[in-house]
């Protein structure tokens, strides 16, 4: 498996072998789905069969076992899905957040007007600003926001620690038991540092919400809505990680594409047409 831009290789496999590909790397089985139709058929229509998650020993060393997308299919995952559906999973539920989207859209347009050459950076900033307001009621700073920076670093860590075939410990899980000083166990030092960053990404905005609620000034958000009830320590821990997943994944919507030239050109072209031919987009 290539470590750099593996999706390009996977796409080539799709052209060569079809929508479903299987590879085995030292006993580890990897299934690649290369079309939306196939992914929907298997992961949506047959979700009761295929909705479980693979185990990534490196990701578990980093501390990602409670990230929503890493949870095994079971009660915790179903409970989190219900919370998402109830609070942000419908148009009716999202009405409370429409003013936030309007405010951040206006700010985005002002940034584009002031610095048109930084379009992708403005998109990234706006994506992070909207999701942080929704997930934690936090208003992002105009420049160098600490929570946005944490999310960007954590998302890079997530991608690296879950890359198929990238870590020997994923292929030989027993390596997770060797001490950090053992020759070849440098991955454990990497995991320890990544764990610190990821834990801060999840905990810092969660504590921000709790402090705001204690002061009586917390705006409505996904996190504050669920903290209003009586939660056990386990439920609060899971909420912290669920909210962190929401904010991390949401702010990452634009980030992975920043280095893909074709995507970058497509976004530039879209906004150029939007500005030059606004009537064609009046239906938006």
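The values are calculated or read from the model by the stated rules, or taken from the named source; none is laboratory data. Please read these numbers as outputs of a predicted model, since none were measured by experiment. Using ideal geometry, Cβ is built from the backbone for each residue, glycine included, and neighbour counts are taken over all protein chains shown.
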| message | exposed (fewer than 14 other Cβ atoms within 10 Å of the Cβ) and under 17 Å from residue 246 (Cα atoms): is that true of residue 91 in this structure? | response | no
| task | Answer yes or no: is there a residue in the range 168-179 that is in contact (Cβ under 8 Å) with a residue 40 or more places away in the chain, within 25 Å of residue 237 (Cα to Cα) and part of a helix (DSSP H, G or I). | result | yes
| Test: residue in the range 116-125 that is within 30 Å of residue 216 (Cα to Cα), in the same structural domain as residue 245 (by TED's automatic domain parsing) and in contact with a helix residue (DSSP H, G or I) (Cβ under 8 Å, 6 or more places away or on another chain) | yes
| Index of the failed condition, residue 103 passing every other in (1) surrounded by 15 or more Cβ atoms within 10 Å (Cβ to Cβ); (2) in a helix (DSSP H, G or I) | (1)
| Filter result for the condition that a residue is in contact with a strand residue (DSSP E or B) (Cβ under 8 Å, 6 or more places away or on another chain), surrounded by fewer than 13 Cβ atoms within 10 Å (Cβ to Cβ) and not assigned by TED's automatic domain parsing to the domain that holds residue 189, over 31, 20 | 31
| request: Of the conditions (1) in a helix (DSSP H, G or I); (2) within 23 Å of residue 226 (Cα to Cα), residue 73 clears all except one; give me its number. | output: (1)
| remark: Only unsatisfied item for residue 11, checking (1) within 21 Å of the chain's Cα centre (by Cα); (2) without any contact (Cβ under 8 Å) to a residue 24 or more places away in the chain; (3) in a helix (DSSP H, G or I), is (1)
| message | Looking at 177, 142, 115, 104 in this structure, which one is within 21 Å of the chain's Cα centre (by Cα) and over 27 Å from residue 44 (Cα atoms)? | response | 104
| Mind checking which residues of the range 227-238 are free of Cβ contacts under 8 Å to residues at least 24 places away in the same chain and either touching a helix residue (DSSP H, G or I) at 6+ places or on another chain (Cβ under 7 Å) or not assigned by TED's automatic domain parsing to the domain that holds residue 217 (or both)? | 227, 231
| query | Is one or more of the residues making up the range 130-147 modelled with pLDDT of 85 or more, under 16 Å from residue 62 (Cα atoms) and in contact with a helix residue (DSSP H, G or I) (Cβ under 7 Å, 6 or more places away or on another chain)? | reply | no
| Going by the structure shown, is residue 30 over 21 Å from the mean Cα position of the chain (by Cα), touching a residue at least 40 places away in the same chain (Cβ under 8 Å) and outside any helix (DSSP H, G or I)? | yes
